[in-house]
Amino acid sequence: MPIISIIIGIVCGIGVGIALAYTLLRNSLTRSSRNLLKKAEEDAELLKKEKILQAKEKFLQLKSEHEKMVQEKNQQIAVGENRIKQKEATLNQKLEDVNRKNNELNQVKENLNKQLDINKQKQAELEKQTAIQKSKLESIAELSAQQAKEQLIQLMEDEARAEAMVLVKEVMDEAKNTANMEAKKIVIKSIQRTGVETAMENAVSVFNIENDEIKGRIIGREGRNIRTLENLTGVDIIIDDFPDAILLSSFDPVRREIARLSLQKLVTDGRIHPARIEEIVAKTKKQIEQEIAELGKRTCIDLGIHNIHHDLMRLVGKMRYRSSYGQNLLQHSKEVANLCAIMAAELGLNPKLAKRAGLLHDIGKVPDNEPELPHALYGAQLAEQYKERPEVVNAIGAHHDEMEMTSLIAPLVQVCDAISGARPGARREVVEAYMKRLNDLENIALTYPGVVKTFAVQAGRELRVIVSAEKVTDEQANQISFDLSRRIQNEMTYPGQIKITVIRDTRSVNFAR
C-alpha cells in the first residue's frame, strides 16, 4: 500500500511538473513573439521613414531639373524674340527705304513726263520748220525730196559698186596666189613627213615543205586531201611547179592565209585526212577572225584613235586582207590618216578628228555582206550606225563626191586619199579589175537557192559552187551549172573560158559504240 501511494505521488508530481513546465514555456513564447512583433514594427517604421526621405530627395532633384529646363527654354524663347524684333526692325527700315525710293521714282517719272511733253512740242515745231524749208528747196530745185534722195542713193551705190569690184578682184587675185602657195607647202610638208613603203599585193603565197613525202601526204589518196582543202578554203593549190614548195593561189588574201596556216598545222600534226582537214580549217578561220580583231585594235591604238566601236575595229583589221588597185587597204588607210592629221594641224583644224576620218574612209570596202551601195556611201552608213561624229560620217561618204561635203574634214580626206593613191607604184589597175571580176563571179553564183559556198579558182578560169545535198538534187545541180554558165556569158566580160563546177557532196556518218 505504501508503494502504491508512493507511485501515485510520483505520477501526480510528474503531471504537476509537466503542467507547470507547459505554463512556463507558453508564457516565455508569448513574450518572445511580442518582442519580435514589436521589433518588426519598429523596423518597418524606420524603413517607411527612409523611403519617404528618399522620395522627397528624388522629388526635389526632379523639381530642380525641371526648373533648370524651364529656365533654358525661357532663355531660348527670349533670344528668339530678340532676333525676331531685330529682323522686324530691319524689315521696317527696308520698307521705309523702299517707300522713299518709290516716292523719288514717282517724282523722277513726273519730271520725265514733263520733259517728254516739252520735247514733243519742240519736235512738232521742228517738223513744221523742216516742211517749210523742204517746200522752199523743192520750189528752187524743181525736184521733190524723194527724187533727190533716189538720185543721191543711186550715185553713191554706183560709186560703191565700182570700188567694191576693184577691191574684190584684187583680194581674189591675192587669195588665189597665196592659197596656191600655201596649199603646195602644206601638201609637200605632209608628204615629206609621211614615209611609207610601196604597198603592192600579189595573189600567190608560197608554202615551203621539207621533202616529197610530205607533198604526197598533202595530196592524199587519189587527191582527196588536196581536193578537200581546196573546196574548204577556195584556194588553188599548185603542187608540181616548184620543188620543195607549194603555191597557194587566190585573189582573196584571207583565203590564202587560212590555207597557209591550215597546211602548216596539218604538216606539224602529221595527221592529214579529210575529217582532220575540215577540223583544222574551221579552227584556223576562228583564229584569223581573232587576229583580225586584234590587228584592228592595235592599229587604232598605234594611231591614237580611241572610243571606236569594236565592230569598226574588226573591219579596220579586215583591211589588212584587202587591196585597192594592188595597194594594201590597211596601209593605204593608215597613210591617209597620218596625212589628214598633218594637214589638219597645218590648217588649224582638229587633227584627231581628221585622223579618225582618214582611217575609216574606205571602211565600206570590207563589208561582212555585199551591199549594192558604193563603198563610200556604205562606209558612211556603217559609221553612222556605230555612232561616229557627223563630220566623220560626211567625210567618209563624200570622199568620192557621192555626198555633199558639209565640213572641212571632207575635202581634206579626199585630197589625202588622192595623194596616197597617186604615189608612183602605189596602185595597179589590172589587179583591181582582176579581183573585181573574181568577186563578181562568186556573187553571181551565191544568188541561186541552195548554194552554200562559191570559190573562183584557177585565176578565174574555174568557178566551184558547193550546194547543199539536202536542198538541191542532182538534176537541180546540173541545171544550176547550165544556168550559171549562160548568165556569166551574158553578163560578164572575161578572157578565155570559165569552167563551172557544181559540187553536191552527200555524206553518211554513224558512230559505233
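The values are calculated or read from the model by the stated rules, or taken from the named source; none is laboratory data. Nothing here was measured: the structure is a model prediction, and the numbers come from that model. A quick note on method: Cβ atoms are made from the backbone with ideal geometry, for glycine too, and the neighbour counts reach across all protein chains shown. Just so you know, the surface numbers come from the protein's heavy atoms only, side chains and all, with ligands and any DNA or RNA stripped out. Shrake-Rupley method; radii C 1.70, N 1.55, O 1.52, S 1.80 Å.
The selection criterion, being under 38 Å from the mean Cα position of the chain (by Cα), free of Cβ contacts under 8 Å to residues at least 40 places away in the same chain and open to solvent by 40 Å² or more (accessible area, probe 1.4 Å), holds for LYS297.
For region 207-235, taking the residues that are modelled with pLDDT of 70 or more and of a type in the set (A, V, I, L, M, F, W, C), the one that is nearest to LYS285 (Cα to Cα) is identified as LEU232.
Scanning region 405-416 for residues that are among the aliphatic types (A, V, I, L, M), open to solvent by 10 Å² or more (accessible area, probe 1.4 Å) and in contact with a helix residue (DSSP H, G or I) (Cβ under 6 Å, 6 or more places away or on another chain) yields MET405, ILE409, LEU412.
This table checks each residue for (1) surrounded by fewer than 10 Cβ atoms within 10 Å (Cβ to Cβ); (2) in a helix (DSSP H, G or I); (3) modelled with pLDDT of 75 or more.
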| residue | (1), (2), (3) |
| --- | --- |
| SER5 | yes, yes, no |
| GLY9 | no, yes, no |
| ALA40 | no, yes, yes |
| ALA55 | no, yes, yes |
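In the condition set (1) at pLDDT below 75; (2) of a type outside the set (A, V, I, L, M); (3) open to solvent by less than 90 Å² (accessible area, probe 1.4 Å), PRO424 is compliant with all but (3).
Taken together, GLU402, GLU391 contain a single residue that is at pLDDT 85 or above, open to solvent by 20 Å² or more (accessible area, probe 1.4 Å), within 37 Å of the chain's Cα centre (by Cα) and within 30 Å of LEU349 (Cβ to Cβ), which is GLU391. Figure legend. Inter-residue proximity from region 64-75: first residues free of Cβ contacts under 8 Å to residues at least 24 places away in the same chain and among the small types (Gly, Ala, Ser), second residues open to solvent by less than 100 Å² (accessible area, probe 1.4 Å) and assigned to a helix (DSSP H, G or I), beta-carbon distance below 9 Å, spacing 6+ or different chains. No pairs are indicated.
Residues that are open to solvent by 20 Å² or more (accessible area, probe 1.4 Å) and in contact (Cβ under 8 Å) with a residue 12 or more places away in the chain within region 271-282 comprise ILE272, HIS273, PRO274, GLU278, listed in sequence order. Anything in region 281-316 that is over 30 Å from VAL267 (Cα atoms) and polar (S, T, N, Q)? List them, or say none. Answer for region 281-316, where residues must be over 30 Å from VAL267 (Cα atoms) and polar (S, T, N, Q): THR299, ASN307. Within region 491-507, identify whether any single residue is over 40 Å from the mean Cα position of the chain (by Cα), hydroxyl-bearing (Ser, Thr, Tyr), part of a strand (DSSP E or B) and modelled with pLDDT of 85 or more, and answer yes or no. Checking region 491-507: at least one residue is over 40 Å from the mean Cα position of the chain (by Cα), hydroxyl-bearing (Ser, Thr, Tyr), part of a strand (DSSP E or B) and modelled with pLDDT of 85 or more. Is it the case, given these coordinates, that GLN264 is out of contact with any Phe, Trp or Tyr (no Cβ under 9 Å at 6 or more places or on another chain) and either open to solvent by 40 Å² or more (accessible area, probe 1.4 Å) or assigned to a helix (DSSP H, G or I) (or both)? Against the criterion (out of contact with any Phe, Trp or Tyr (no Cβ under 9 Å at 6 or more places or on another chain) and either open to solvent by 40 Å² or more (accessible area, probe 1.4 Å) or assigned to a helix (DSSP H, G or I) (or both)), GLN264 does not qualify.
Within region 352-373, work out how many residues are open to solvent by 50 Å² or more (accessible area, probe 1.4 Å), over 19 Å from LEU295 (Cβ atoms) and without any contact (Cβ under 8 Å) to a residue 60 or more places away in the chain. Final tally of qualifying residues: 4.
To keep it simple, each residue is scored yes or no on (1) in a helix (DSSP H, G or I); (2) of a type outside the set (A, V, I, L, M, F, W, C); (3) in contact with a Gly (Cβ under 9 Å, 6 or more places away or on another chain); (4) farther than 23 Å from VAL452 by Cβ.
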{"residue": "GLU257", "(1), (2), (3), (4)": "yes, yes, no, no"}
{"residue": "ARG260", "(1), (2), (3), (4)": "yes, yes, no, yes"}
{"residue": "ARG276", "(1), (2), (3), (4)": "yes, yes, no, no"}
{"residue": "ILE280", "(1), (2), (3), (4)": "yes, no, no, no"}
{"residue": "LYS297", "(1), (2), (3), (4)": "yes, yes, yes, yes"}
{"residue": "ILE305", "(1), (2), (3), (4)": "no, no, no, yes"}
{"residue": "MET319", "(1), (2), (3), (4)": "yes, no, yes, yes"}
{"residue": "GLN331", "(1), (2), (3), (4)": "yes, yes, no, yes"}
{"residue": "ALA337", "(1), (2), (3), (4)": "yes, no, yes, yes"}
